[in-house]
Amino acid sequence: MANRSRFQAVRGTRDLLPPETALWNHVESTARKVFGTYNFGEIRTPEFEARDLFARSVGDETDIVSKEMYLFEIPLSDYLSYIEGIELSGIATTDATFVVLYFKFCVEASEELKKGRIPSSSNKELLEKFQSRREEIRSQLIDSHADLKDSLEFLRETIRKIDLGEQLALRPEGTASVCRAYIENSLQQLPQPVKLYYIGPMFRRERPQKGRYRQFYQIGAEVLGGQDSPAIDAEVIEMLMTFFDKLNLKGLELDINSIGHKDKTCRLGYIEKLREALLKISARFGEDSARRIATNPLRVLDSKAPNEQPLIETLPKITDYICDACKAHYEALKIQLRLRGILYRENWRLVRGLDYYMRTTFEITAKGLGSQNAVCGGGRYDGLVEELGGPPTKGIGFAIGEDRLILSLQEQAREAAEAQGTATEATNQSPLTAKQPPLIFIAWMGHNTYATAVRAAKDLRNAGFPVEVPPNELKFGKALGQADKLGAQFALILGENEVSEGMWTLKNLSDGAQVKLPEPELIDHLRNLGSTQRL
Ligand code: AMP
């Protein structure tokens, strides 16, 4: 048998390990701090939702929904399609064949119900009725003279009513869930707007490459309800830039655009103009763009194909076609950004791949990421909450790709280290991450000192110092070697003498200096060292 003991992380997923995770934590805690200063609160939504939530919001026709979602299997759905196929095929089939098919389906559904894999509330009574007639139908099937009409009707009716449950999907993005939660928890009753942020994994079955994963992390924020004032759009962008600034991430570029609203006098009118212009030159586009001309002409503007760029430049520009109200909103946004000292670049091709956007769209690109250089995308989505069954509600938000943000920070640290001619490793421990207190290794020797070592470790940890205590006694040299390997800055040496005298030895492993000090002074001594020298 093949050796199945070696498992690997699934394609497109990866493990995040220390010390890199310290950088992730730093990024996330900075987001929490900065977003908190703009009065945003954290929301945590489930990592899976009904598939239809995403189909409705992100859009059935988008790549995300049509190709990239991880879907949960619906029990018995294949069996049901099989039965429907036979019913529709018109192939002459006896009543007995259908009774057998339906009967088997009801048996399987009863099993699924027992396992809790199909909803109980809607199916329990129905399947109990089936169970009460199960034996009767079974004996009819054995008796070749039995009249099956009644049972056939009963079974057909039963399987028509069986509820197999909703199809679920791992979330590919966060906005839809936040809007669902806004409606479900009646957040419209709170003072508006409601300002929320989230941090967590998203899932898309994309082709993995650098900066593109199948499980990736987003840090996002949404402003829901209240007005659609351009000042809100600008403040959201300001918050983003402040966040990147606090992380000291350089070389970012902010692109903005307005894609108007979904109306013939605005975006829909533009799309028609665009399609007309595209059809005239469609033969000069590649296969992908040619397909999009028919399905979603706006997406042609996303094309990165070098030979298509000059063609795209000749196309009508959305900014010239949006309605007066949308134009005014866009102009006001630019004034608001300038007022805040935020540099931006207008990019009429920025249409974004999700259906729910309207008016303001924006994207931030970073250096050092190759082709996947977008670290953040966002925009306005008035109308989405209503589309999902809530009241008319304004909305705007963004999502930062945390994986890419981290890659960019690491790349920046690596370049800085190279420029300084220092070692390039340990870029994960970016100078950005808060300085950790020094690691202390307790080298205990002699059976009777172990209890003291355990007590010392507890006290030091209580005081906030990371501590390693070897579980077994080590010879002095070995203990120091081990301390060195672990990267400890200090060894606390506890031999029989130290313990009986109450005078402990602290050895600084970087310069070998040793001090003897009474137990009660140890923690203060370490704290003083921390404040007077770089540990
Ligand atoms: P979107 O939800 O598509 O607007 O994406 C927002 C941001 O999430 C992008 O700008 C990327 O930084 C990040 N992102 C999207 N898809 C992926 C992925 N497959 N892997 C890593 N980051 C991603």
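The values are calculated or read from the model by the stated rules, or taken from the named source; none is laboratory data. Keep in mind it's a predicted model, so treat the numbers as computed, not measured. All Cβ positions, glycine included, derive from the backbone under ideal geometry; neighbour counts span all protein chains shown. Keep in mind that these areas ignore ligands, DNA and RNA; they rest on the heavy atoms of the full protein, side chains included. Shrake-Rupley method; radii C 1.70, N 1.55, O 1.52, S 1.80 Å.
Just one of (1) without any contact (Cβ under 8 Å) to a residue 60 or more places away in the chain; (2) in the same structural domain as T62 (by TED's automatic domain parsing) trips up G421, so point out which.
(2)
Specify the residue that is nearest to F103 (Cα to Cα); the eligible residues are those in segment 148-200 that are of a type in the set (G, A, S) and in contact with a helix residue (DSSP H, G or I) (Cβ under 8 Å, 6 or more places away or on another chain).
S151
Across segment 337-391, what is the number of residues that are more than 14 Å from the ligand (Cβ to nearest atom), farther than 24 Å from K250 by Cβ, of a type outside the set (A, V, I, L, M, F, W, C) and not in a loop (DSSP other than H, G, I, E, B)?
3
Could you please find all residues in segment 202-216 being outside any loop (DSSP other than H, G, I, E, B) and more than 8 Å from the ligand (Cβ to nearest atom)? First the steps, then the outcome.
Taking segment 202-216 first, the residues outside any loop (DSSP other than H, G, I, E, B) are 202-203, 209, 212, 215-216.
Matches in segment 202-216: F203, Q209, Q215.
Which one is nearest to the chain's Cα centre (by Cα), of the residues in segment 480-535 that are of a type in the set (G, A, S) and under 16 Å from V469 (Cα atoms)? Break it down stepwise before answering.
Of the residues in segment 480-535, the ones of a type in the set (G, A, S) are 481, 483, 487-488, 491, 495, 500, 502, 510, 512-513, 530-531.
Applying the additional criterion that residues be under 16 Å from V469 (Cα atoms) yields 481, 483, 487-488, 491, 495.
Working: G481: 42, A483: 38, G487: 33, A488: 35, A491: 41, G495: 51 Å.
That would be G487.
Using beta carbons and a limit of 8 Å, which pairs, at least six apart or on different chains, have the first residue in segment 115-134 and aliphatic (A, V, I, L, M) and the second one open to solvent by 60 Å² or more (accessible area, probe 1.4 Å) and assigned to a helix (DSSP H, G or I)?
L126/K161
Has segment 339-350 got at least one residue that is in contact with a strand residue (DSSP E or B) (Cβ under 8 Å, 6 or more places away or on another chain), in contact (Cβ under 8 Å) with a residue 60 or more places away in the chain and aromatic (F, W, Y)?
First, pick out the residues of segment 339-350 that are in contact with a strand residue (DSSP E or B) (Cβ under 8 Å, 6 or more places away or on another chain): 342-350.
Then keep just the ones that are in contact (Cβ under 8 Å) with a residue 60 or more places away in the chain; that gives 342-350.
Those still in the list that are aromatic (F, W, Y) too: 344, 348.
Taking every residue of segment 339-350 in turn, at least one turns out to be in contact with a strand residue (DSSP E or B) (Cβ under 8 Å, 6 or more places away or on another chain), in contact (Cβ under 8 Å) with a residue 60 or more places away in the chain and aromatic (F, W, Y).
With open to solvent by less than 30 Å² (accessible area, probe 1.4 Å), assigned to a helix (DSSP H, G or I) and touching a Lys or Arg at 6+ places or on another chain (Cβ under 9 Å) as the only criterion, which of I256, I237 stands out?
After applying the criteria, what remains is I237.
Applying the selection to segment 478-535, what residues are part of a loop (DSSP other than H, G, I, E, B), surrounded by 14 or more Cβ atoms within 10 Å (Cβ to Cβ) and not hydrophobic (A, V, I, L, M, F, W, C)? So that I can check it myself, show each step before the final result.
So in segment 478-535, the residues part of a loop (DSSP other than H, G, I, E, B) come out as 486-489, 495, 502, 509-513, 533-535.
Those still in the list that are surrounded by 14 or more Cβ atoms within 10 Å (Cβ to Cβ) too: 488-489, 495, 509, 535.
Within segment 478-535, Q489, G495 qualify.
Suppose we filter segment 217-234 for residues that are hydrophobic (A, V, I, L, M, F, W, C) and assigned to a loop (DSSP other than H, G, I, E, B); how many remain?
Within segment 217-234, residues that are hydrophobic (A, V, I, L, M, F, W, C) and assigned to a loop (DSSP other than H, G, I, E, B) number 0.
Could you count how many residues in segment 484-535 are under 17 Å from Y450 (Cβ atoms), touching a Phe, Trp or Tyr at 6+ places or on another chain (Cβ under 8 Å) and hydrophobic (A, V, I, L, M, F, W, C)?
4
In segment 356-363, is there at least one residue being in contact with a helix residue (DSSP H, G or I) (Cβ under 7 Å, 6 or more places away or on another chain) and over 16 Å from N257 (Cα atoms)? Let's see the steps before the verdict.
Step one: list which residues in segment 356-363 are in contact with a helix residue (DSSP H, G or I) (Cβ under 7 Å, 6 or more places away or on another chain), which gives 356, 359-360, 362.
Keeping just the survivors that are over 16 Å from N257 (Cα atoms) gives none.
No, that holds for no residue.
Given the criterion aliphatic (A, V, I, L, M) and either within 16 Å of the ligand (Cβ to nearest atom) or closer than 30 Å to Q410 by Cβ (or both), identify the matching residue among I199, I118, I137, I159. Can you show your working first?
Details: I118 fails: either within 16 Å of the ligand (Cβ to nearest atom) or closer than 30 Å to Q410 by Cβ (or both); I137 fails: either within 16 Å of the ligand (Cβ to nearest atom) or closer than 30 Å to Q410 by Cβ (or both); I159 fails: either within 16 Å of the ligand (Cβ to nearest atom) or closer than 30 Å to Q410 by Cβ (or both).
From the options I199, I118, I137, I159, the qualifying one is I199.
When you scan segment 459-478, do you find a residue that is on the phi < 0 side of the Ramachandran plot and either among the hydroxyl-bearing types (S, T, Y) or touching a Ser or Thr at 6+ places or on another chain (Cβ under 8 Å) (or both), even just one? Please lay out each step first, then the result.
Taking segment 459-478 and keeping what is on the phi < 0 side of the Ramachandran plot, we get 459-463, 465-478.
Cutting the leftovers down to either among the hydroxyl-bearing types (S, T, Y) or touching a Ser or Thr at 6+ places or on another chain (Cβ under 8 Å) (or both) gives us none.
Checked against the condition, which is being on the phi < 0 side of the Ramachandran plot and either among the hydroxyl-bearing types (S, T, Y) or touching a Ser or Thr at 6+ places or on another chain (Cβ under 8 Å) (or both), segment 459-478 yields no hits at all.
What tally of residues in segment 298-314 results from selecting those that are surrounded by 12 or more Cβ atoms within 10 Å (Cβ to Cβ) and not in a helix (DSSP H, G or I)? Lay out the reasoning, then the answer.
Taking segment 298-314 as the starting set, the residues that turn out to be surrounded by 12 or more Cβ atoms within 10 Å (Cβ to Cβ) are 298-303, 305, 308, 311-312.
Still in the list and also not in a helix (DSSP H, G or I): 303, 305.
Number satisfying all stated conditions: 2.
Of everything in segment 320-337 that's under 34 Å from the mean Cα position of the chain (by Cα) and within 14 Å of W348 (Cβ to Cβ), which residue is surrounded by the most Cβ atoms within 10 Å (Cβ to Cβ)?
I322
Taking only segment 436-458 into account, find how many residues are in a helix (DSSP H, G or I), open to solvent by 70 Å² or more (accessible area, probe 1.4 Å) and touching a residue at least 24 places away in the same chain (Cβ under 8 Å).
2
Name the residue, out of A31, A50, that is surrounded by 17 or more Cβ atoms within 10 Å (Cβ to Cβ) and modelled with pLDDT of 95 or more. Give the derivation first.
Numbers: A50 fails: surrounded by 17 or more Cβ atoms within 10 Å (Cβ to Cβ).
It is A31.
Could you give me the residue pairs with C-beta distances under 6 Å whose first residue belongs to segment 40-59 and is in the same structural domain as I199 (by TED's automatic domain parsing) and assigned to a loop (DSSP other than H, G, I, E, B), whose second residue is charged (D, E, K, R) and buried (at least 18 other Cβ atoms within 10 Å of the Cβ) wherever it lies, and which are 6+ apart or on separate chains?
If the second residue must be charged (D, E, K, R) and buried (at least 18 other Cβ atoms within 10 Å of the Cβ), the pairs left are F40/K195; E47/R171.
Inside segment 485-535, can you point out the residues that are among the charged types (D, E, K, R) and touching a residue at least 60 places away in the same chain (Cβ under 8 Å)? Give the derivation first.
Residues of segment 485-535 among the charged types (D, E, K, R): 485, 496, 498, 501, 507, 511, 516, 519, 521, 524, 527, 534.
Correct list: E519, R527.
Tally time: how many residues in segment 259-284 are part of a loop (DSSP other than H, G, I, E, B) and more than 30 Å from K367 (Cβ to Cβ)?
Residues that pass the stated criteria total 7.
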